[in-house]
Structures are given as C-alpha cells and as structure tokens.
Amino acid sequence: MKSSRVIVFGVAAVAGGLAWLVAGNIAAPPPPEVIAEEPSIPSTRVLVARYDLTIGERLSPSAMEWQEWPAANVAQAFISEDTDPDALREYDQGIVTAPIYAGEPIRSPVIATSGRGFMSAILPSGRRAVSVRVETESRAAGFILPNDRIDVILTRVQRGTSSDGGDLFSSETILENVRVLAIDQTFEERDGEKFVSGEIATLELSPGDAELIALADEMGTLSLSLRSIADLEEGDGTIDEDVARRLRGGGGQGGSIRMIRFGIQGG
C-alpha cells in the first residue's frame, strides 16, 4: 500500500474518532443538578391590621385581613382562623385599646367588643366620657383622631336681642385642651387621597364639664377645634367663668376666650 493511502486512511480514522466523541457528548447530556428541597414550615392564618390602628379607633372588615404566620410563632393572644374563623365579623366595630401597626397580628385582649366596658376601663378615676355629634360633611372631620386634644366652641343664636331687634349670633370657647377618647370613623378615598370621616366624637371630661357640654349642646351648635401638638397644656376644663355662669345660671371655672380658626361642625 502506498504511503499516501496510509495517510488518507489515518486521517479518516482520526476524523471518525473525533466525530464519535462529539456525537457521544451531544447524545449524553450532563446529569441534572440535584436541588435540595427546603423543609416546609408549618403555618396558619392569623388576623393582622391592614394599616396603623390607634387607640379608640373602631374596627371594620376593611381594617383587618388574614395572613399566613409561622405556626410556631402564633401567640395565644393572636386571633387564628383555625380557632376563630368568624373573627372578621365578631370583631367588626370593636374598639382598639392599644396601638396596632400595619401587618401586626391583632391580639384579642386589646380589642374591646360590646359588653366589655371599654370606656369605663380606659377612663381615669373621676372622669366622664361624653359623646358629641359631628357633621360628616365637614372636611376637618378627617383630622381629629383618638388621643388628639381639642377645644369645644359653642355657637348660638339669640333671637331678637340685637340693638335693632334682629338676631344676635355669638361664638365662644367653653372647653379647651379636651382629650378625644374615640371617634366613630369611616376610612374613605377620594381622588386618590385617603381621609377619615366621623359622626360621633367621645370626649374625656370632668363631671362638671360633662354637665356643661350637655347643656351647651341643647343651647346651640358645638364645634370641635383641633389643637396643635405644640400647644398642649396640662389639665382641661371651662376657660371662662362668665361663660360657665351664663350656661349654668351661676358658678364656673376660669380661662380666656379664643376665636374659632378651624373646626368640625357639631349640633
């Protein structure tokens, strides 16, 4: 055999071997990578707050939702769907007695439902809780929340008492620095802006001031004026002796009259 043929056969053999190796590598894919499965963590659904809830706020179904929670971390006070599947209905209109933050589990001891005497439990000794009607149309309603401090203004009409025999309108502050215990709230959204509307505000007062505001509510229109956080003072009560005497027919406590700047119409 000529040397040229030997070379040709050799080259062909080498090419065939290479082709076999390439075909073998293509035909045999690498073994799949083994991924270790993470152990599943047992979980259960608990009731959490959808947004921050403040003291005195009333719960609604829109304020709560079920969320998966590690079963090992479910405290006894948490509200679990396994043990209380009707919690959204049962806690509707319950009153928050301690702050709850968005995404935080709602604990049953901090929600006062009907029959639990919430107001009497949070009232300091010697104080009274008095409810005041609030106009829902007022834009200021969304700015007054539980634990805010407000002034109470009385606006009234005295028929035929002006110098020309017409009606005389007067407005005066009768209580200042009053703590808001609770407000009947509805969270709404208009034009992409969230706000709160309210109908009934519950105020913390002394027994004497509770009588005064009940009398003033019958005499005219009450307004709630929100105080600045930088303007909070110790104590509260009627702020003008003459005002108290005119309302009660005698007696009263001291202070000064302030002009109405911004308030919630009540009546």
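To keep it simple, each residue is scored yes or no on (1) at pLDDT below 70; (2) of a type in the set (S, T, N, Q); (3) not in a strand (DSSP E or B).
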residue: Ala13; (1), (2), (3): yes, no, yes
residue: Ala19; (1), (2), (3): yes, no, yes
residue: Ala23; (1), (2), (3): yes, no, yes
residue: Pro29; (1), (2), (3): yes, no, yes
residue: Val48; (1), (2), (3): no, no, no
residue: Glu65; (1), (2), (3): no, no, no
residue: Thr83; (1), (2), (3): no, yes, yes
residue: Ala98; (1), (2), (3): no, no, yes
residue: Ala102; (1), (2), (3): no, no, yes
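Under the condition of being of a type in the set (Gly, Ala, Ser) and touching a strand residue (DSSP E or B) at 6+ places or on another chain (Cβ under 6 Å), which residue from region 68-118 is farthest from Ile55 (Cα to Cα)?
Only one residue tops the list, namely Ala71.
The values are calculated or read from the model by the stated rules, or taken from the named source; none is laboratory data. Note that the coordinates shown come from a computational prediction; the quantities given were computed from them, not determined experimentally. Glycine gets a Cβ as well: all are built from the backbone with ideal geometry, and neighbour counts include every protein chain shown.
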